[in-house]
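Heads up, the thing below is written out as structure tokens.
The values are calculated or read from the model by the stated rules, or taken from the named source; none is laboratory data. Because the structure is a prediction, the values reported are computed rather than measured. Here the Cβ is made from the backbone with ideal geometry for all residues, glycine too, and neighbour counts use every protein chain on show. Note: areas computed on protein heavy atoms with side chains; ligands, DNA, RNA excluded. Shrake-Rupley method; radii C 1.70, N 1.55, O 1.52, S 1.80 Å.
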Amino acid sequence: MLTCRNIWKIFGPKPEKALEELKRQLNATPANHVAAVRDVSFEVKKGETFVVMGLSGSGKSTLIRCISRLADPTSGEVLVEGRDVLKMNDAELREFRRHHISMVFQNFGLLPHRRVVDNVAFGLEVRGDAPKTRTETAMRMIELVGLKGWEQHYPKQLSGGMQQRVGLARALAVDPEIMLFDEPFSALDPLIRNEMQDELLRLQATLHKTSIFITHDFAEALKLGDHIAIMKSGRFVQMGTPAELVLNPADDYVRAFVKDAPRAKVLSAGVLVNGQTLAAQPAADLRRVPANLSLEKLLPLVAADEQSIVVVDGNQRPIGTLDRATVLHALAVEA
């Protein structure tokens, strides 16, 4: 669905010239220039949630703005189903933003003088949908995000979590192919933040949107991401599934993020047997568990019985076996 190739974003008076110098000497940034994004490449599959995380100033918000061209990259390609966003003219870019991509911001970005239903319908109004159509669509989105009954209220009458639900409904209303989330929950209280994460997971299970989610919270990244990229100083330090990052951090920077990760929730039975070859058909009387079973749910089974457990795929075919020692070792290894 989305491919980014060799994205650079340099701020300064002569970014193109600065880029040439940077490519010759990668660790030296020319004076009066800032290289916010440095040669970033990645792909996001249809229906996948790709999380970019890093500390403040790592370049993650600049990167997501390059995808929608809120900031034009200095160099690179942004391909949506093979079409290069960076080569679109103004009219093509407006059409792309109105029909194919939506963004949810950290500060909600609601219009304070408009009621909830009109805020949700705003994107539809901008692209010229008929009043009846946009109202009907807005009402469906309001119900989808759990705000039915609040459509005639103003943003100031809503809590922070409810306002972010309005922002989410507005983004969904145009039925985009791609959704961009720029730290949308970071300003919310922890309990509301967790609630919104669960809400996003619920919507994703129903709508299967292709999403890029920016965060500085590794726990949030683990919860939401199919794949995660950890960013530092404008570069991707490591990309992989949550389990890959937790089990095999690339360096001390990644290791600092994953050391407190809830391994029992992140790791699954299938991850621990991945790549193994069964030496023989396991005994029929051994307990069987699905590959996607978390270690958190597997622990009671290995605690109750010393026998090995057979891990099966979606077709109930054995892919490997686990014993108590293997499971405990995976939980005990220091990240």
Going residue by residue through the range 214-225, the Karplus relation 6.51 cos²θ - 1.76 cosθ + 1.60 with θ = phi - 60° gives ³J(HN,Hα) values, rounded to whole Hz and with x marking Gly or Pro, of 9, 7, 10, 9, 5, 4, 5, 4, 4, 6, 9, x
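Where does the chain land at 222 nm, in deg cm²/dmol rounded to the nearest 500, when only DSSP H runs of n ≥ 4 count, each adding -39500 (n - 2.57), divided by all residues?
Computed ellipticity for the chain at 222 nm equals -11000 deg cm²/dmol.
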The range 110-168: D in µm²/s via Stokes-Einstein (Kirkwood Rh, Cα pairs, 25 °C, 0.890 mPa s)?
220 µm²/s
Using a probe radius of 1.4 Å on heavy atoms only, what accessible surface per residue do you get for the chain? Whole Å² is fine.
50 Å²
Between THR74 and residues 5 or more places away or on another chain, the pairs with built amide H atoms under 5 Å apart involve TRP8, LYS9, ILE10
Over the chain, with every protein chain in place, what whole percent of the accessible area is carbon and sulfur at 1.4 Å, could you tell me?
49 percent
Anchor LYS223: lysines whose Cα lies under 16 Å away (excluding residues fewer than 8 positions away in-chain)
LYS259, LYS265
At R0 = 30 Å, FRET efficiency that the Cβ-Cβ distance of GLU21 and LYS46 yields, to 0.05:
0.20
Cut-off under 15 Å on the C-alpha distance; same-chain residues fewer than 8 positions from LYS156 excluded. Which aspartates and glutamates are left, in chain and number order?
ASP118
Expressed in square angstrom to the nearest 10, the accessible area of ARG287 with a 1.4 Å probe stands at 120 Å²
For GLU48, list long-range residues whose amide hydrogen, built 1.01 Å from N in the peptide plane, is under 5 Å from its own amide hydrogen.
SER211
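Over the range 83-141, what is the relative contact order in whole percent, taking alpha-carbon pairs under 8 Å and six or more residues apart?
29 percent
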Near LYS87, which lysines are there with a Cα under 20 Å away, not counting those fewer than 8 places off in the same chain?
LYS9
Which peptide among 141-149, 315-323, 86-94, 171-179 comes first, and what is the full order, when sorted by highest mean count of other Cβ atoms within 10 Å?
171-179, 141-149, 315-323, 86-94
Report which label in (1) 22.8, 71; (2) 20.9, 81; (3) 24.0, 80 holds the value of Rg and Dmax of the Cα atoms in Å derived from the coordinates of this structure.
(1)
Using a 1.4 angstrom probe on the protein heavy atoms only, could you order LEU222, LEU247 from most to least accessible area?
LEU247, LEU222
Nitroxide proxy distance, nm - points 7 Å out along Cα→Cβ at LEU86 and PHE105
2.5 nm
In this structure, the FRET efficiency calculated for ASP260 and GLU136 from their beta-carbon separation, with R0 = 35 Å, to the nearest 0.05, is 0.15
Can you give me the long-range amide H partners of MET231? Hydrogens built in the peptide plane at 1.01 Å from N, cutoff under 5 Å, separation of 5 or more residues or another chain.
MET53, GLY54, VAL237
